[in-house]
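Readers should treat all values here as calculations from the given coordinates under stated rules, not as data from a laboratory. Quantities reported herein were computed from a predicted structural model and do not represent experimental measurements. When we count neighbours, we look across all protein chains shown, and the Cβ atoms used for this are built from the backbone with ideal geometry, even at glycine.
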Amino acid sequence: MSFFSKQFIDVIQWTESGDGTLAYRYPMEDMEIQNGGKLTVRDSQMAVFVNEGRIADVFGPGLYTLSTNTLPILTYLMNWDKAFKSPFKSDVYYFSSRLQIDRKWGTATPITIRDKEFGAVRIRAYGIYSYRISDPRAFYEKISGTRAVYTVNDLDGQLRNTIVGRMTNAFASSTLDFLDMAANQSRMAELLRTELGPVFSALGLTLDTFVVENVSLPDELQKMLDQRISMNMLGDMGRYTQFQAAQSLPIAAANEGGVAGMGVGLGAGLAMGQQMANAMSAATQAPAGGSAAAAKPAGDTKFCTNCGHSIARAAKFCPECGGAQQ
């Protein structure tokens with residue numbers, strides 16, 4: 001009576017109920033597979049038969065009739081002969097072989113690398129990657145085991161930390177400076193994908209794509225880099241100061257609370273701007289010894305009232321813009 005009370009499985013199949021499932025154990029409790037039953041493995045799947053704790057066979061996509069002819073390894077393990085007709089007991093695991101896309105990776109804390117231009121710097125990086133199960137035998141033995149369900153979320157932490165751990169070696173072996181990394185992110189991504197390929201393969205996975213979305217400095221270092229870029233964009237500080245002084249004079253003259261309102265007048269404003277410019281010019285052009293005698297006297301020049309360019313005091317027209325002088 002116990003034999004007839006058992007339930008026999010005629011069809012074994014699995015359709016994913018949602019995204020994120022890597023491995024699924026077909027429910028076999030108190031059930032046995034009918035000899036001659038059907039096994040359906042879809043295009044995005046692979047199936048593994050496990051008998052008495054050992055992998056008996058791996059099935060790719062297709063429709064299979066389960067018998068001693070289609071399970072030669074299992075038949076050998078169970079010492080079955082060709083005349084075997086009874087149902088048999090085994091565990092069936094399905095593995096999703098489709099791409100697991102849009103998996104995130106990123107550095108939780110900045111990593112330190114050696115840069116040819118800046119020396120030792122700390123950088124941050126993040127991006128996405130995709131992978132798939134290519135060797136269900138290795139994945140079963142090393143990762144999923146006998147769990148009923150194994151998901152991408154169960155594996156994300158391990159893969160993400162492995163990626164960050166390998167980044168230091170990849171960046172150290174790269175000949176790119178930090179300022180060139182932004183323009184060569186695809187090259188860095190390919191370097192990292194090559195570095196990580198064997199690690200994924202050992203787990204039964206294939207790393208399909210790897211993308212570096214951003215490489216940046218921590219906030220405090222980024223501010224210093226921005227200041228350096230600003231100084232390079234300004235160029236000649238003396239000419240910049242002269243231009244700023246000339247631009248501010250019309251505003252000060254028209255403002256009652258400005259230079260004109262204090263009784264100094266536009267002429268005093270020009271003189272003050274000239275002194276500021278000459279002081280900046282002396283600071284930037286003076287010899288290394290610091291002698292002030294080499295500085296050019298301020299009495300023989302003035303500013304153009306139109307463009308602010310420094311001209312000879314006796315000049316009637318500005319050689320820069322052609323404006324008439326008072």
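Here the label points at Asp30 and Val199, each 7 Å from Cα along the C-beta direction, are separated by 4.6 nm in the simple model. With a cut-off of 9 Å between beta carbons, the residues surrounding Ile111 carry a summed charge of +2, where Lys and Arg count +1 and Asp and Glu -1.
Report the paramagnetic label zone for Asn184: residues of segment 88-115 whose backbone N is under 20 Å from a point 7 Å from Cα along the Cα-to-Cβ axis. Taking a point 7 Å out along Cα→Cβ of Asn184, the residues of segment 88-115 whose backbone N falls under 20 Å are 111-115. Annotation: amide H-H contacts under 5 Å for Asp208 (H modelled 1.01 Å from N, sequence separation of 5 or more, or interchain): Ser130, Tyr131, Arg132.
Projecting label points 7 angstrom from Cα along Cα→Cβ for Glu52 and Ala312 puts them 11.1 nm apart. With each label modelled as a point 7 angstrom along the Cα→C-beta vector, the Thr209-Arg147 pair spans 2.6 nm.
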